[in-house]
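First the structure, in the form of structure tokens, and then the observations on it.
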């Protein structure tokens, strides 16, 4: 390992990227801030420095530069090539595709690093789900997000949830283009903003695969706005980007409008952020005027972009408040106490300090916004929920709001009319999600009743630390059926395999001797806590094992405890639920068991498990059909190959098979023509409800219980979703497709982003 | 009983017949005529077209109603003479009836006479703006036709291919018996290539105009223009109200298509604020880049290549090749390092044919056809823009001054343009808000789609559903929706026509008095929530004024 120094330490990889898209960056005025350098620690994406690092294809992402419209692959960059290593990458240049690859790689990696820092765990992409039977789905680990920098010839870039890939487009600037000289090619992959935005979609999809479903008016808006918020503040967290701009405004420094104008300019240059940041302000002649907050904005805003703009504006307002309070002292010092600066260029030291404060404020806001994504319900999130998530997440890490950040968020969100539905007073205390004890008390349980709940949780502490033993105990005492035991054993085997792979790989690196597989005794340590130190594949398998284990434990819980967690239990309430083959009750999906590790104020680790429980029902556009199927269940049709006919539940042939007629598929199945159009056979949407549990890793107390407003068996929630779907059709993207939720959530991003930039 | 097949006009008012062609428009109106001893009614035919395959069954026989029966009925109902034929816009589901032939004879030859033909100003060959719009429109059509071909070759999502083909078919026309699906597009591609082969030196626009001459929709309109004994009129919004022939007293107020180019593009209001507007039918940079690639690889047009220099490019064929004789020499391979790179790219992306190597896990992650997805957006946009060229007419009855609104398929942009219109009449100034406030009959636009009936309130500054039928006119509101819901919903990728929200709003507003092509009988008791049912007297009046036949649904507005 030639380039490693004596201590085995590899210096970080430094790569240059464009801070702005070329249209803005190429202006003479912006020459000094055109580039920023992104630093990626070697261990973060390790590679053997003696062999080529093409692509780049590393631990998290693989850049594949195939341009099918041109029928060409483009020369891949080798990040380990000497001239690249020594020069902080290929020089920024629009004409060299290798720079494009370097840029998407570096910006995506920086985004991933920010999430890992904020969440305290490794970023995993959404797995691939394949249907393996009528009710069975198989998930496969996806190690790398694919990035195709030149996949499309249009003004579009999007995350494709099916392909787990980012697709970027390029196109010719039109005659009225603002982004680039007419006739030149505009590459969306060279826009810092857009690369971050799309990467965030992919990361959020990995955290919350159900967020791409438009179950509330805010759902897609949240996806969009969140991606834009990260893009905006990630740009602001590079202080050198701001320094120049702050200096350039000379004496007339109204810091508020400056940052707002910047945020908008960055986003608008290539069109993408323009719509989302439209609520920040507008140009009045030559001066930029911020839009005053409007409490009614959300009632007027229709469609994901308009609603997302309100959220972006609210977060931006919180940022400005924080920045202002952090810099007011600097202004007083610089102005001799008056706070009003004299005319002329301002002191370069002050410029540096202001830029630094802005960058730090941006970083804080970014961390808060990202952390909050662990504190939202698993489905059907509203902006009000997101506010509660922001406040709770920050509160649990920093119980004292010394700098007033939470106050800033509450003030900004309420000014823009974002508050949780049905909350009479919006205070920090009211916004905090309840703990289990609080929820139990609200549900009318006296304290004594809450104790059995805690006893159940204590079992969990014990079992989480000894997964192998837990499985054996469950099996020995026949607490769960054999099929579940087999499943857990299979999970455990995969964990073991992944562990061995990790160990072997490490051994290869040091001395070439394979590690021996001495894990036969089973894993009797808490595997979840190994999160940041092991391979991501291993983490993936561990999370799966624990979610199944958690499900097994949960299936033994008393109904009143599950009800408290917002689960529909007991007798089979509506036939639109999927019935668990094991408990006979409505199925509960344990969606995710993951760890969130944060450094608290004293540097202590705050470890929490995040567990998501989801229940789903089939939804129908027509309330009468809904009522019928809730009562009688879905008509069942099975294909009998021998009789070549479709049979109903009683085995009577309903329709004969005719290959000419029966070639139409829907919901992954082939249907006879007579039934494909019959609404009873096909749900129109899935209605989901559930809760997120935040569990203290040491004590296993449920710190936060984050439930959707309605339970899955509550028809009010279903009606609300149906109404939303029906209304959203009014704002459909085109005159042919139905409401968002009925369409394919997989295509949501591609359609939402299409042709947003009008050049 | 051998009844008289002619369609009578009420003594005062108008009778409106919606033919049950399927997904498409065909309306016959009978106004009381004032001339001649028998005072025969003045018959106005608005559009005649349908999406092939969308026909509705005859409730008696269960057999699909074919266009021939409908044309025969029109001939019988009018006694062989239609006074005015109005074509709202150049889409298959509005015009293909006029282009249908049997044994090479147009079926509309069964009519003895066609009087006047009314078209929107966008069809006027003497209007320079209209000419420019048409030229741009044709360029886009050709581009789209080539994109469709590519889409079929690239193995794209079949639902998407179907949507693009169908949208294209709407633009090009074609009728079931004469053309198979996709044939219309193939034909114009062929004409384009033929023209290209003949004269390489000719400008692209020359090839385009040669190619589009083959479009069936155009032939349909040409046919009508050729038969108009009373001449062709081009109507513009805000132009003077047009009188019907033979003394019929109703006046037609043209509301659209807007002459404002921006409103023809039908962008979201949000986008209007944020971005500059693109002129309708013009290709922006993105569309140009896209169409260039689509056409280039289809063998038409110049090869427009990659944005990168040759030294950075590896032809896909080279990357996908499994044998590399050109690098057989070890020394050469070592020196260039190229093979390693090629193998790397192929290894990561996968082999040429995704099925070739079953061990490769990546086929589902490939992007071979994704770039062609843009064709769907472009096809939809083109469809919107043509819809917005719809001739929108408000017919005002002379006595009660009730108004019938026929919007064609006009979408948001057109609706937004109406608010500013004014007309000078003998009784003073009439503006759009006043005119639409008197609307008691509404022909629902674009089969009830999402933005062809604008949502809003009476106070809003743009025309919308709440502007229609206000005050004393609110009591009598009736609507007709030309749509075949089962057909639209049963498509592989369902069309939401009509949008349930809009249909429900119309049914609430009309208190149940809404006709739909595929519904044999209007059920006045099946009402949306919170809707006050009609009184018995109102029900009887409605029943008396309507007729529900196998071939058509009919309603009479009494003046």
Given the structure, is residue B:447 touching a strand residue (DSSP E or B) at 6+ places or on another chain (Cβ under 9 Å), at positive phi, surrounded by 19 or more Cβ atoms within 10 Å (Cβ to Cβ) and within 14 Å of another protein chain (Cβ to nearest Cβ)?
yes
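Each row is one residue, and each column tells you yes or no for (1) surrounded by fewer than 19 Cβ atoms within 10 Å (Cβ to Cβ); (2) within 30 Å of residue B:381 (Cα to Cα).
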site: B:35; (1), (2): yes, no
site: B:38; (1), (2): yes, no
site: B:82; (1), (2): no, no
site: B:130; (1), (2): no, yes
site: B:143; (1), (2): no, yes
When (1) under 20 Å from residue B:500 (Cβ atoms); (2) part of a loop (DSSP other than H, G, I, E, B); (3) modelled with pLDDT of 90 or more are applied to residue A:721, the one that fails is (2)
If we take segment A:113-213, then strands (runs of 3 or more DSSP E) inside it with 2 or more residues that are in contact (Cβ under 8 Å) with a residue 12 or more places away in the chain and more than 30 Å from residue A:590 (Cα to Cα) are A:145-152, A:165-172, A:185-187
Original post:
Is it the case that segment A:150-159 has a residue that's within 24 Å of residue B:350 (Cβ to Cβ) and away from every other protein chain (no Cβ under 12 Å)?
Top reply: yes
Just to be sure, is residue B:377 outside any loop (DSSP other than H, G, I, E, B), under 16 Å from the mean Cα position of the chain (by Cα) and within 12 Å of chain A (Cβ to nearest Cβ)? yes
Exception for residue A:630 within (1) at pLDDT 85 or above; (2) outside any loop (DSSP other than H, G, I, E, B); (3) within 24 Å of residue A:385 (Cα to Cα) falls at (3)
- Query: Got at least one residue in segment A:652-674 being farther than 29 Å from residue A:376 by Cβ, more than 33 Å from the chain's Cα centre (by Cα) and modelled with pLDDT of 70 or more?
  - Reply: yes
Note on residue B:371: of the conditions (1) within 8 Å of another protein chain (Cβ to nearest Cβ); (2) free of Cβ contacts under 8 Å to residues at least 24 places away in the same chain; (3) closer than 22 Å to residue A:161 by Cα, unmet is (2)
All-but-one check, residue A:638 against (1) within 30 Å of residue A:364 (Cα to Cα); (2) at pLDDT below 75, failing number (1)
Residue A:434 meets each of (1) assigned to a loop (DSSP other than H, G, I, E, B); (2) within 24 Å of residue A:299 (Cβ to Cβ) with one exception, condition (2)
Residue A:157 passes all but one of the listed conditions (1) buried (at least 23 other Cβ atoms within 10 Å of the Cβ); (2) modelled with pLDDT under 90; (3) over 23 Å from residue B:367 (Cα atoms); the exception is number (3)
Restricting segment A:160-184 to residues that are at the interface with another protein chain (Cβ under 8 Å from one of its Cβ atoms) and at pLDDT 85 or above, the one surrounded by the most Cβ atoms within 10 Å (Cβ to Cβ) turns out to be A:169
Check whether at least one residue in segment B:473-485 is farther than 24 Å from residue B:434 by Cα, at the interface with another protein chain (Cβ under 9 Å from one of its Cβ atoms) and either surrounded by 17 or more Cβ atoms within 10 Å (Cβ to Cβ) or touching a residue at least 24 places away in the same chain (Cβ under 8 Å) (or both), and report yes or no. no
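The values are calculated or read from the model by the stated rules, or taken from the named source; none is laboratory data. As the structure is a computational prediction, the values presented were derived from the model and not from experiment. Reconstructed Cβ throughout: ideal geometry from the backbone, glycine too, with neighbour counts over all protein chains shown.
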